[in-house]
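Working notes, structure below.
The values are calculated or read from the model by the stated rules, or taken from the named source; none is laboratory data. Here the structure is a predicted model, which is why all the values come from computation and not from measurement. FYI the Cβ positions are ideal-geometry reconstructions off the backbone, even for glycines, and counts take in every protein chain you see. For the accessible areas, the whole protein counts, side chains as well, though only heavy atoms, and no ligand, DNA or RNA atoms are used. Shrake-Rupley method; radii C 1.70, N 1.55, O 1.52, S 1.80 Å.
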Amino acid sequence: MLKIKNLTKVYDDGTVALKDVSFEVPDGEFVAVIGLSGSGKSTLLRCINRLIEPTSGEIWWNDVQLSHISGEELRRARRQIGMIFQHFNLVDRSTVLTNVLSGRLGYVNPLASILGRFPEEDMQRARASLARVGIPDKADNRADELSGGQRQRVGIARALMQEPEMILADEPVASLDPALAHSIMRHLQQINQEDNITVLCSLHFLDLVQQYSTRAIALNEGKLVFDGAPHEIDDAKFIEIYGREAERIG
Amino acid sequence: MSDKKKNGRPRHWWKTAVIIFVIFLLYAYGLQVTKVNLEEPLEPKRQENLVSLIRSLARPHLFDYETETRSTAVSIHMPCPEDIKASQVSIEGRSALMVPNCATTTQDRISITGDGFLPNADGLIGWRPPGADSTRRIGEFKVGPDGHLEITFTMPDIRATAEPQKLELVEIVNRRIIGLSDTTMEALDKIVETVLMALMASTIGTLISIPLSFIAARNLMQNVKAPISGIMSGVILAPIIGGLGWWLASGIVGPVLSENSTALASLQAGLSPLGFVGNFIFVIIELIILTLPLVFGLIGAFTALSVGGRFGQRMTMNLADAPNRALNIVTTVLGTAVLFIILAYSLTWINLLGIREFMPETTQAQLSMFTVPGLALGIIAGLLTLRRPARHHYPIGLLIYNITRNTFNALRSIEPLMMGFVFVVWVGLGPFAGILALTLHSVADLGKLFSEEVENIDEGPVEAVTATGANQVQSIVYAVVPQITPHYIAYIFYRWDINVRMSTIIGFVGGGGIGFVLNRTINLTAYSQASVMVIAIAVIVTVLDNISSQIRSRII
Ligand SMILES: Nc1ncnc2c1ncn2[C@@H]1O[C@H](COP(=O)(O)OP(=O)(O)OP(=O)(O)O)[C@@H](O)[C@H]1O
Ligand SMILES: [Mg+2]
């Protein structure tokens, strides 16, 4: 269960990216985060696992106040929350296997991992994750030899290594073509349904939102302007979320 | 037409004139200051010097020769007898005619013509002083293709005698190389020394600069923030725990070193049968023993900083505002005082601006003198912490980044040659001083270049790895290191290249290597030996340049 209370983020340059945002996500939901570019979606997702320091407000994750922990405690919390990125954020010069194994860094012995040693169990887990996202034969390729769709699968496999209870996905399909986008979204849906992992996913296209998510929240200039089922987004809501000039295409 | 002129910008011709005039003055003054003198290089004496230098350089003393010679003696009178005649000799088909066959002053010009000499042979004119059994070389000649010979030379400084004296025309009939000259052997020896100096300096420099490059990278340091109580607790603890580490280590090492004679000497004796490998192991062990107090001190200080930081973090998280502020003030007062005392003591020690004159003699008295102003400063700083929220995190990372980066920049701007000078004073003449100088410069240079590479990485992977719950070291190893490795390797070779170049000349200030010999031979005006050194340097620099650029192009 994720609970956000009065979350505000003001960047050092004075930009108010999030303004008093509050919402809850019960376990097992697939929540889409929508909003215009610059509305604060990335900021919201990054505040949750503290890649960005929130300015004020509370973030509760299973009775742990994420906004008030640091060091070891924070790392322990982070490893339960997987993250997937628009630009995949793989280490290009490392192998796919190493990239996937890095999802395990929060669990393993730090010294052994620095020397590049992982338990046999984790090696098997890594190969199983790759098989699950459909690229078992790419383990030994360098990450930059893969196509965009394959790279995002590696990203998902890396998140799966964390055995997460929640996955934060920041526009996971924005740099992929529509066919690949659907295949990646289906993977996320499968993970959500089979493993009961909560998914919080920012998306740009309303058709994807309606097809895959169980709930949607919308941001506009850092304020929460919608929280409800995807099909409730009618024309009036749409204008409230995206502004008057926007035209509905999805 | 006239409209156009009005619209165009008015030409301040006088401004242009002033600028030209100023530039003219600048160059005119420059010419005078730099003592440009076109006559000097054209003077015959200077030209002769240049020619002889170039000729000696062009004849490097690379090999030892065995030469077979044939000599033709001509007699010469000093001073001239009444009836000036020419001397003529002819032996074994060779004939030589010397006109005149005498000299009154030592500057008289004399000419010799001859025929029947060995075509194209090189030769020299030797003069045998009366009663001596060896000749002194006074000139050179080259026989024409038809065996014809024509020489003019200035009469050397010959003592006047009643008897005629002998000049010898020595032709080189045959010349065989019998081996490398001593100079060449020395050059080879010193080139090896030079390359190894560069290797050592590059290796040690790289090892030190890699960890430093991470704390000199803005992107890694800008998120390192800590509450003031954490920073100051670290500062208070650092000298205590660091000093404790130093004291403990020197307590262990001290006895070992003072018994030096027994423990270390027997170790050295035990290793010596292994030759230079044994010496290597011994030097490493000695190095570890010598630097142990320093290492322990540093480890202690770093532990203190991290323990202090953690303590501050924990307190800040758990304390209410008021006690938090109290803690902030107390730690800041003490921490600032400690910093001030350390700084003031260091400055006194190096006697900045002759400050020692006004200070008490003993360390104890000095320290107690600094305490009061230190505490006063601390109280001001402590009160200043009230200006910020109690839990404010100060960007300590950026401060460390700035200090490290600026130190790198300052050190980089000092020529290794000057560093070599300082180290020669400290550790004495020889390659060790050179290694230390090059190492210091390499650390600064590589540290800066490396940290710029760290700043240029793609932040995405770092973010991703951090999000998995990895700690700072893990995320550097998994997300930063793979991105920077090829650049680091390229820079290491680039630096090795520079170090080879630098180590060839660092000998000029006594830093060992081939430059040392080059400097010596130049001072002795032994130019044909210097020439060998110059050739050796050129060869080694070219070869290593090629190797390193090949390796670099293969890696990137
Ligand atoms: N590091 C930063 N410093 C200052 N302002 C920032 C920073 N990052 C983002 N912002 C600003 O915060 C606001 C929200 O940005 P954010 O990236 O969260 O939007 P977004 O909804 O993810 O946009 P997009 O759909 O384009 O990814 C924007 O106005 C942006 O310019
Ligand atoms: Mg974004």
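Any chance the stretch B:102-122 includes a residue that's within 30 Å of B:GLN529 (Cβ to Cβ), open to solvent by less than 30 Å² (accessible area, probe 1.4 Å) and in contact with a strand residue (DSSP E or B) (Cβ under 8 Å, 6 or more places away or on another chain)? Yes, the stretch B:102-122 contains at least one residue that is within 30 Å of B:GLN529 (Cβ to Cβ), open to solvent by less than 30 Å² (accessible area, probe 1.4 Å) and in contact with a strand residue (DSSP E or B) (Cβ under 8 Å, 6 or more places away or on another chain). Criterion first (within 12 Å of ligand 1 (Cβ to nearest atom), over 12 Å from the mean Cα position of the chain (by Cα) and either away from chain B (no Cβ under 12 Å) or modelled with pLDDT under 95 (or both)) does A:ILE69 satisfy it? Taking the combined requirement at face value, the residue does not satisfy it. Restricting to the stretch B:155-165, count the residues that are surrounded by fewer than 13 Cβ atoms within 10 Å (Cβ to Cβ) and either small (Gly, Ala, Ser) or outside any loop (DSSP other than H, G, I, E, B) (or both). Looking only at that region, the number is 2.
The combined condition, being free of Cβ contacts under 8 Å to residues at least 40 places away in the same chain, more than 45 Å from the chain's Cα centre (by Cα) and open to solvent by 20 Å² or more (accessible area, probe 1.4 Å), is fulfilled by B:ASP133. Assessment of the stretch A:87-97 against the conditions (part of a helix (DSSP H, G or I) and within 8 Å of another protein chain (Cβ to nearest Cβ)) yields no matching residue.
Sub-7 Å Cβ pairs linking a first residue in the stretch B:419-438 that is over 10 Å from B:GLY507 (Cβ atoms) to a second residue that is of a type in the set (S, T, N, Q), at least 6 apart or interchain, are B:LEU438/B:ASN499; B:LEU438/B:SER503, ordered by first then second residue. Does the stretch A:132-150 contain at least one residue that is basic (Lys, Arg), assigned to a helix (DSSP H, G or I) and modelled with pLDDT of 95 or more? No, there is no match, as no residue in the stretch A:132-150 is basic (Lys, Arg), assigned to a helix (DSSP H, G or I) and modelled with pLDDT of 95 or more.
Tell me, please, whether a residue that is touching a residue at least 40 places away in the same chain (Cβ under 8 Å), closer than 28 Å to A:GLU232 by Cβ and within 16 Å of ligand 2 (Cβ to nearest atom) can be found in the stretch A:58-73. Scanning the stretch A:58-73, I find no residue that is touching a residue at least 40 places away in the same chain (Cβ under 8 Å), closer than 28 Å to A:GLU232 by Cβ and within 16 Å of ligand 2 (Cβ to nearest atom), so the answer is no.
Kindly indicate the residue of the stretch A:27-38 that is in a loop (DSSP other than H, G, I, E, B) and more than 9 Å from ligand 2 (Cβ to nearest atom) and also farthest from the other protein chains (Cβ to nearest Cβ) among those meeting that condition.
Only one residue fits best here, namely A:LEU36.
If I filter the stretch A:1-29 down to residues being charged (D, E, K, R) and open to solvent by less than 80 Å² (accessible area, probe 1.4 Å), which single residue comes out as nearest to ligand 1 (Cβ to nearest atom)? Among them, the one singled out is A:LYS9.
Exactly one residue among A:SER175, A:SER183 is away from ligand 2 (no atom under 16 Å from the Cβ), at pLDDT below 95 and hydroxyl-bearing (Ser, Thr, Tyr), and that residue is A:SER183.
Annotation: of all residues in the stretch A:39-59 being surrounded by fewer than 16 Cβ atoms within 10 Å (Cβ to Cβ) and part of a strand (DSSP E or B), the one that is farthest from the other protein chains (Cβ to nearest Cβ) is A:GLU58. Looking across the stretch A:175-191, just one residue is within 16 Å of ligand 1 (Cβ to nearest atom) and either within 13 Å of A:VAL133 (Cβ to Cβ) or within 14 Å of another protein chain (Cβ to nearest Cβ) (or both), and that is A:SER175. When each of B:ILE241, B:ILE204 is tested for being of a type in the set (Val, Ile, Thr), more than 24 Å from B:HIS393 (Cβ to Cβ) and assigned to a helix (DSSP H, G or I), the lone residue that passes is B:ILE204. Please tell me if B:LEU383 is within 14 Å of chain A (Cβ to nearest Cβ), within 24 Å of B:PHE311 (Cβ to Cβ) and touching a residue at least 40 places away in the same chain (Cβ under 8 Å). No: the conditions fail for B:LEU383.
Yes or no: B:ARG325 of a type outside the set (A, V, I, L, M, F, W, C), over 29 Å from B:GLY251 (Cβ atoms) and touching a residue at least 40 places away in the same chain (Cβ under 8 Å)?
When the stated conditions are applied, B:ARG325 passes them.
Is it true that B:PHE358 is within 28 Å of B:MET221 (Cα to Cα) and among the aromatic types (Phe, Trp, Tyr)? No; evaluated as a whole, the condition is false for this residue.
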